[in-house]
Structure formats: structure tokens, C-alpha cells
1. So which strands (runs of 3 or more DSSP E) are wholly in region 158-252 and hold at least 3 residues that are among the hydrophobic types (A, V, I, L, M, F, W, C), farther than 23 Å from Ile62 by Cβ and touching an Asp or Glu at 6+ places or on another chain (Cβ under 9 Å)?
2. Checking Ser241 against (1) crowded, with 21+ Cβ neighbours inside 10 Å; (2) of a type in the set (Ser, Thr, Tyr); (3) under 22 Å from Glu32 (Cα atoms), which test does it fail?
3. May I ask you to say which residue of Ser63, Ser80 is crowded, with 17+ Cβ neighbours inside 10 Å and more than 23 Å from Ile5 (Cα to Cα)?
4. For Asn115, only one of the following conditions fails: (1) crowded, with 20+ Cβ neighbours inside 10 Å; (2) at pLDDT 95 or above; (3) in a helix (DSSP H, G or I). What is its number?
5. Just to be sure I understand, how many residues within region 128-179 are at pLDDT 90 or above, among the hydroxyl-bearing types (Ser, Thr, Tyr), within 23 Å of Phe224 (Cα to Cα) and within 18 Å of the chain's Cα centre (by Cα)?
6. Restricting attention to region 187-200, which residues are in contact with a Ser or Thr (Cβ under 9 Å, 6 or more places away or on another chain), surrounded by 15 or more Cβ atoms within 10 Å (Cβ to Cβ) and not aliphatic (A, V, I, L, M)?
7. Restricting to region 84-94, and then to whatever is surrounded by fewer than 18 Cβ atoms within 10 Å (Cβ to Cβ) and either among the acidic types (Asp, Glu) or assigned to a helix (DSSP H, G or I) (or both), can you tell me which residue is farthest from the chain's Cα centre (by Cα)?
Amino acid sequence: MRQKIVAGNWKMNNDLNQGLELAEAIINLQHEIPEDVHVIMAPPFIHLADIHRKVKDTRLKISAQNCAEEEKGAFTGEVSASMVRSTGSEYVIIGHSERRAYYNETDDVILKKINLALKNDLYPIVCCGEKLEQRENGQYFNVVREQLENTIFKLSSEEFSKVILAYEPVWAIGTGKTATPEEAQEMHQFIRKLVKDNFSDNAAEDTSILYGGSCKPSNSTELFKQDDIDGGLIGGASLKSKDFVELTKTFS
């Protein structure tokens, strides 16, 4: 069944002590999180092992924000999927719009990362979404379809069953702009139809699709009550423990 998920992407924020303090604050509020909501925190790489030790006996799960496209070797500064898994992390975000925009990650690179994540027993949170000009000129459906065709639709049904999808309109990332609930629902419904056409009715029904893009407690209720939105990939609001936990309570 589709899971309700709130995943917090901390991005490049918080030193190690600050990260541990934030994790502790969220742990202290976990009794407020509804039983049917799954909560994932994605801190920077250097936090993963220490935060996992804090949350391993709680309901909270840990994700990396990225992994390398190679298995191992002379790739200075990179962190492999197996390294991520060794920290206790169960998830990894792949294909975030910032990785595509700032580090020129292509669909081919993203597919390599997805395959390595799956090989190392990680659940990939795979992102897709259009830029502002693509939204304005009506290309957004074609852009998202191509991103998915070049990546997750190359997986087997069994592999795909471990994938979480996240739709994040690039024009709403860190800008304060948010897709209207209707715009977000329209794209989520489109993505679910693509999953159905490429895999099966069951796959479409079982796949969680998250919305990412300036999602916060003030707008999450309207977003999360849409039929095809199963939660959020949260940026700024995930850095405030009370806001982050409040988001988990806004499912209708």
C-alpha cells in the first residue's frame, strides 16, 4: 500500500553538533507523529552514522542526500552507495533538481545511482520536475515523462517496487513559490498514470509520490489531501523540529 511519508532534506545546513541537536529535538517530538506517517531525515553525509545511532530504536529513518555513480575507486570526495548503507541509512535521494542544475547530473548518471542504491539495499527517493520556462511553455508533462522514461522505467517491476518518487517543480525549490494543490495533483496523477502504463495497476497504487517545493505547515494540508499526493520532500521546514513534526499531522 502507498505510505504517507514526510522526508526532510537538510541540504548543506547544520554542522555535526547542530545536526545532532536537531535530530534529538525531532526524537523528543516523535510521540506527536501519527502512527501511519513514515518520517525520514536526510542530513549531510557527515551526520549519517551519528544520527543513525540516535534514531535506531525510534520510528525515524535516515536517508543520504546523494550517492556516487560509481561503486568504488579513485573518485576523490565521492561517497558510494555501499558507504551510505554502512552508516545505517535505509534511503538515498537521487536526481534532486539541485544535483541536476548545479552538478550537471544527467538521466544516465541518475540511473546508475538508482541501480547502485538498489544493489546496496537502499530505497531510492527519485526526483523529477520541470524548470520555470518548461512550465510556462507547456512542456512540463513531456519533461517529466522523459525523465522517468530514462530512469525508473528502465527498472524491473521488482526493482521499481522499492522506489519512492518525488515531484519537485524546479521553480518552487527554495523560492517560496509553491505549485497550487491543483497543479501538484495534476502532475502526481499524470505520474501515477505513467507508472500504471509502464508497470501495472498494482504498481501505480502502491507507489508513494511525494511533493517537493516550498512545502510547509501553512500549505501542506491542502497539498496532502489531494488524491495522488502521498506526502512531502521537505526542505527549509525540515530544519525546524516543530515545523517538521507539524507537517506529519496535516494529512487529512
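The values are calculated or read from the model by the stated rules, or taken from the named source; none is laboratory data. The shown structure was predicted, so the numbers you read here are calculated from the model rather than taken from an experiment. Backbone-built Cβ (ideal geometry, glycine too); neighbour counts: all protein chains shown.
1. Fully inside region 158-252 and qualifying: nothing.
2. Ser241 satisfies all of (1) crowded, with 21+ Cβ neighbours inside 10 Å; (2) of a type in the set (Ser, Thr, Tyr); (3) under 22 Å from Glu32 (Cα atoms) except (1).
3. Answer to the selection: Ser80.
4. Unmet condition: (1).
5. Of the residues in that region, 2 qualify.
6. Across region 187-200, the qualifying residues are Arg192, Phe199.
7. Here the answer is Ser86.
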